[in-house]
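Heads up, the thing below is written out as C-alpha cells.
The values are calculated or read from the model by the stated rules, or taken from the named source; none is laboratory data. Please read all numbers here as calculations on a predicted model, not as lab measurements. Heads up, the Cβs are rebuilt from the backbone with ideal geometry, glycines too, and the neighbour counts pull from every protein chain shown. Accessible surface is based on the protein model in full, side chains and every heavy atom, while ligands, DNA and RNA are left aside. Shrake-Rupley method; radii C 1.70, N 1.55, O 1.52, S 1.80 Å.
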Amino acid sequence: MWSTSAVPVTVHELRRAQRADGPAAVLAIGTANPATCVTQAEYADFYCRVTNSEHVAGIKDKLDTLCQSVSGSEKRFFHLTEEMINADPEFVDSASPSLDARLEIAAEAVPELAASAAAKAIDKWGRPVADITHLIVTTNSAAHAPSADVRLTSLLGLRPTVRRTMIHLNGCSAGAAALRLAKDLAENNRGARVLVACVELTLLSFRGPDCPHSVVCQALFGDGAGAVIVGADAMHPVELPMFEMVSVSQTLIPGTEHVITMQLTEHGLDGNIDTKELVPLAADNIKQCLSDALEPLGLKDVDWNNLFWVVHPGGSILDHIERALRLKQGKLAASRRVLRESGNMLGSTLMFVLDEEHRRMEEEGDGADWGVMIGFGPGFTIETMVLHSPECRKKN
C-alpha cells in the first residue's frame, strides 16, 4: 500500500517514466564467420567428394551452375568440415537418423560463433558488458533448452538478471524479426540496452543429393553470426547512434505458406524454397509494403532512389527489386557485396548488410537521410523497418 504521506502516483505516470524519451537506435554492430572458407568455384567438387556423389549424373554440373551464376556469391563460410562429415557419415545418408549428432555439434558451435560477433559489437559500443539489460538470440540451428541464450550469457559475462528471449526457425527474416523486437524493448524500458545475436549454421541442413531442392539449398547458404546493440536515449559521447529505428511493420502475403517451409526431422533441418515463386512475390509486393511503412510517417510519393537500402540478398531477388523500384545502379551495393563476400547466411545476413551500409555511408557518403531495411521469410513474410540517419552522425 502507498504511504498516506507519499505523493500519489498514477499508473499512467509510472508507465511514462518507464519509457524512453527518444527512438531506439542501432548503437553497434559486430559480425563473424567460421574459419572454413570454400569458394563457389570449388564448392561443387567439395560437395561431390564429401557426399560420395561424383557418380551421380548431372549433380556437379547443376551445382556449378547454381554456385557460379544463380547464387551471386563468390565464397561461403562453414562450421561443418570434411573431417566432421567423415566422422558422422549419417549426415549425407538420408536413410540414417542424424538430428541428435547435428544438434550436439550445434549446441556448442551456435553460442560460440554468436559470442564472436557479440564481443565485437560490445567492443565497438564502448560500455561495460554489465550494462546489457536484454538479450535476444535467434537461430535456425538449435533445439535445446536451456538454449544458446544461456550459454551466450556465460560466454560474454552478462548479468544473471539479463532478460533473455529465444527465436527459432524464422528463416531469412530472423534478423529482421529480432531487431523489431529489440526496438520495442528499448523504447518501452528506459535505459535498456538490448543485445541481438543472430547465428546460422548449415550443419543442420547439409545432406546428400537426395532431392532437387536439397541440391539448390547446398549451393545457396553459408554460416555466419551478426550482433547488434540497440538502445534509446544514447549516452553521449560514449554512444553514437548509427541508425535510428523509426518504425517497423510485418506483412504476410496470403496463400503463400508453401513458398518457404522449414521443419526439424530425424535427418536434420529440412524444407523447401520455391525460388521461382518467391522472387516475383517479393518484387510484386515490395512497393505496397514500402508505401504502408512510409506514408504514416508523412513520407508520401517517395523517390525510392532518395533512400538508402538494407535488403536481405536472396540472389536474383535483388535484381527483381531493383527493376520493380527502378533503383539506380549501386543503391543495393551493400547487399550485393555481402552476398558476394559471404553468401546468404539466412537471418544473420541482414546484420552484415546493415554493417556494410553504415561503412559505405561513413566512408563514401550516401547523402540519404531516410532508408529502409527489408527481410524475407517463411509465411511468405516481408519485414520492413524504416531507418533514419541520426543528426549526430552527420555532424561527425
So is residue 352 buried (at least 24 other Cβ atoms within 10 Å of the Cβ), of a type in the set (Phe, Trp, Tyr) and in a helix (DSSP H, G or I) or not?
yes
Search the range 245-263 for residues being within 13 Å of residue 171 (Cβ to Cβ) and of a type in the set (A, V, I, L, M), and hand back the single one that is most open to solvent (accessible area, probe 1.4 Å).
262
Can you pull out the residues in the range 81-135 that are loosely packed, with under 14 Cβ neighbours inside 10 Å, among the aliphatic types (A, V, I, L, M) and either free of Cβ contacts under 8 Å to residues at least 24 places away in the same chain or not in a helix (DSSP H, G or I) (or both)?
87, 95
With respect to residue 301, is the statement that it is acidic (Asp, Glu) and closer than 20 Å to residue 247 by Cβ true?
yes
Residue set 175, 191; condition of a type in the set (Gly, Ala, Ser) and out of contact with any strand residue (DSSP E or B) (no Cβ under 6 Å at 6 or more places or on another chain); output residue 191
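Of all residues being in a helix (DSSP H, G or I) and crowded, with 19+ Cβ neighbours inside 10 Å in the range 356-371, which is modelled with the lowest pLDDT? Just the residue, please.
Here the residue is 361.
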For residue 109, state whether it is at pLDDT 95 or above and out of contact with any strand residue (DSSP E or B) (no Cβ under 8 Å at 6 or more places or on another chain).
yes
Residue 285 vs (1) touching a residue at least 40 places away in the same chain (Cβ under 8 Å); (2) open to solvent by 20 Å² or more (accessible area, probe 1.4 Å); (3) within 26 Å of residue 74 (Cβ to Cβ): all pass except (3)
Is it the case that some residue within the range 387-395 is open to solvent by 10 Å² or more (accessible area, probe 1.4 Å), modelled with pLDDT of 95 or more and not hydrophobic (A, V, I, L, M, F, W, C)?
yes
